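**Student:** The structure follows.
Values quoted throughout were computed directly from the atomic coordinates according to the rules given, and no laboratory measurement underlies them. Just so it is clear, the structure is predicted and the values come from calculations on it, not from any experiment. All Cβ positions, glycine included, derive from the backbone under ideal geometry; neighbour counts span all protein chains shown.
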Amino acid sequence: MTEDQIYAAIVEIISQTLDDKGLDVPEITPATEVLGDELGIDSLDLATLVSELEKKIGFDPFAKGFIEFKTVGELTKLYVR
Amino acid sequence: MRMGLDLTPGDDTPLVARGEALFTRGDIRARADDLSAAITERGVSRVLVRSDDSALIFEAIDACDRAGADLFIAHTTIAQDRIEAICAEHGIGLVLNGELDWRSTTQTPADGRIYMMTSGTTGMPKVAGHSLESLLAKAKAGVKRRPDQGGRWVLTYQPTGFAGIQVSLTAALWGGLLITPAERTIGGFYHVSRHWNGTHISGTPTFWRSFLMVADPTQLSLAQITLGGEAADQPTLDRIRKAFPDTRVTHTYASTEAGVVYAVHDGLEGFPAAWLESAPSGVALRIKDGFLQIKTPNMMSGYLSAASQPLQDDGWLATADLVELAGDRVKVLGRDDNTINVGGSKVYPLPVEALILKQDGVIEARVYGQPNPVTGALVAADVVLEAGADEKTARKAILTACREALPAYSVPRSLNFVDKIAVSAANKKG
């Protein structure tokens, strides 16, 4: 997967998560903070996001321990190989 | 008088139906006579039967009972090397699996017991001993109502498991017919149920959910439906009641170690909280640290290997089943080893499964933990929908219902729609 495809996948999953929770889906950019106030994402949602991404992309960058990140763009980079 | 299987030579009452073949009580008695003589002649004190053929299991029980030998009943799913280890450890001199496999071994003194095994899916199976008499007494106590006499029991449980043996002995004791399919598939069970006009079907809730998908209730004339082997959930009990409004529905709690502990007939999941004070049939029940503990008159008569349900110092048996007192009912939440730990919060799969099963179009659900780097685990669910049901609508309905009723950490985060859910040989969800 290219970086663009990974980014698109992350945006899609976040949008689906927010929609599932009955929340509005705001515009998401690479600078959007994943756990920031802008999105209503909590740690359980983040756990879900990571597990969905592993399914989609086929690997888990957190397999050896959690890596800190803030924005959607930073999260995307973790999946680029 | 000592109680035995009481098979009379020449009796042409059918005892076992296998596919479309019938075996009479006399047939099985004649075979047991030969086997008993051979066991005595060879001086063998311990026999192991490993077969799903109920006629052979009856033959082995009767032969060993009259020869005074111990009988080990092994699942066909136990691997050969483990069978060898069990034979060596316990001094077994004869293995029955369709032929007579005599072994030379150091003789172990026998006391005429029947030893049954746990599934042993994760290691050596655990072995628990019972006397035939106590097993028969339990089977006798379990049947009190007249229509049960001469009933025709469909054996859906593993023929070698505790529940399977219990159903088999019940049929034998009451002059009934034990109906077994040629193929242990849901279609096979339905076919023999109709062919032999089965009146009693006992199965796991997982079995029943599948059976309801295949069976046309008008084609069956059932007097008794029993659920056992797993905790019965309300949606499944309701579904059975709807399909078979005139049939008595019972759910039971039993285990290899303790035997049948209780039977509930009111169509509600769990058992009445009043039973914590005083339960039927001399059984005592209590909740300790969230777990169900039990005391029964027909408790196992000793282990040959490490106990899966340890006996406490005060004589109570600790189960691995977590229960919850909810008003006037005690509900079973599920087994401790199935508990999912989501970021430190405990999730019991059973109530989540029950909630999913309640939604339109859902016929089966399995809830389990999925490893996760953020929270340790997440709740995941595999769901089977009715043919033609819309996945998108079902997904929305399931998630909405779960969000309304459950804390956020219990809500399935991964919902997979699948064609079928794997079940074990004992018809339990894995």
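**Student:** Work from the charge dipole of the protein assembly as shown (Cβ charges, +1 for Lys and Arg, -1 for Asp and Glu, about the Cα centre) and give the residue of B:384, B:44, B:106 farthest towards its positive end.
**Tutor:** Farthest along the dipole direction, towards plus: B:44.
**Student:** Additional query: At a threshold of 8 angstrom on Cα-Cα distance, excluding pairs fewer than six apart, so keeping six or more, what relative contact order does segment B:190-255 reach in percent?
**Tutor:** 36
**Student:** From the Cα gyration tensor of segment B:144-236, with a ≥ b ≥ c the square roots of its eigenvalues, which class applies: rounded if a/c is under 1.5, or else prolate if a/b is larger than b/c, or else oblate?
**Tutor:** rounded
**Student:** Of the listed peptides B:187-197, B:153-163, B:361-371, A:65-75, what is their order by residue-averaged count of other C-beta atoms within 10 Å, with the highest listed first? Provide the component values of the computation, followed by the final result.
**Tutor:** Working: B:187-197: 17.9, B:153-163: 25.6, B:361-371: 20.2, A:65-75: 13.8.
Put in order of decreasing packing, that is B:153-163, B:361-371, B:187-197, A:65-75.
**Student:** Something else about it: Roughly how crowded by other chains is peptide A:41-52, in terms of the mean Cβ count from those chains within 10 Å of each of its Cβ atoms?
**Tutor:** For this peptide, the per-residue mean of nearby foreign Cβ atoms is 6.
**Student:** I've got another one for you. So, in nm, how far is label residue A:64 from label residue B:389 when the simple model puts each one 7 Å beyond its Cα toward the Cβ?
**Tutor:** Here the modelled spin labels are 4.3 nm apart.
**Student:** Same structure again: With angles folded into 0 to 90 degrees, how steeply does helix A:43-57 sit against the dominant principal axis of chain A? Use alpha carbons for both and round to 10.
**Tutor:** Once rounded, one gets 50 degrees.
**Student:** Between residue B:218 and residue B:34, what is the label-to-label distance in nm when each label sits 7 Å out along the Cα-to-Cβ direction?
**Tutor:** With each label placed 7 Å out from Cα toward Cβ, I get 4.7 nm.
**Student:** Now, a different point. Compute the length gained on full extension between residue B:360 and residue B:324: take 0.36 nm times their separation in residues and subtract their Cα-Cα distance, giving the result in nm to one decimal.
**Tutor:** Length gained, residue B:360 through residue B:324: 10.3 nm.
**Student:** Another question about this same structure. Using a basic spin-label model with each label point 7 Å from the Cα along Cα→Cβ, how many nm lie between residue B:80 and residue B:419?
**Tutor:** Each label point lies 7 Å from its Cα, and together they span 3.1 nm.
**Student:** Next question. Give the average, rounded to an integer, of partner chain Cβ atoms located within 10 angstrom of each Cβ in B:364-372.
**Tutor:** Mean inter-chain Cβ contacts per residue within 10 Å come to 2.
**Student:** Within 10 Å of each residue's Cβ, count the other Cβ atoms and sort B:288, A:56, B:126 from fewest upward.
**Tutor:** The fewest-first ordering by Cβ neighbours comes to B:288, A:56, B:126.
**Student:** Sticking with this one: Any chance you could run the full-extension gain for residue A:1 through residue A:16? It's 0.36 nm times the residue separation minus the Cα-Cα distance, nm to one decimal.
**Tutor:** Computed gain between residue A:1 and residue A:16 is 3.4 nm.
**Student:** Name the shape class, rounded, prolate or oblate, that the alpha-carbon gyration tensor gives for the protein assembly as shown, where a ≥ b ≥ c are the square roots of its eigenvalues, rounded holds for a/c under 1.5, and otherwise prolate holds if a/b is larger than b/c and oblate otherwise.
**Tutor:** Working: a/c = 2.23, a/b = 1.94, b/c = 1.15.
It is prolate, given that a/c is not under 1.5 and a/b is the larger ratio.
**Student:** Count, for each residue of B:397-405, the Cβ atoms from other chains sitting within 10 Å of its Cβ, then give me the mean as a whole number.
**Tutor:** Going residue by residue through B:397-405 and averaging, the value is 1.
**Student:** Determine the relative contact order of chain B: mean sequence separation of Cα pairs under 8 Å and six or more apart, normalised by residue count, in whole percent.
**Tutor:** 11
**Student:** Sorted by average packing, counted as other Cβ atoms within 10 angstrom per residue and highest first, what order do B:200-208, B:380-388 take?
**Tutor:** Answer by packing, highest mean first, reads B:200-208, B:380-388.
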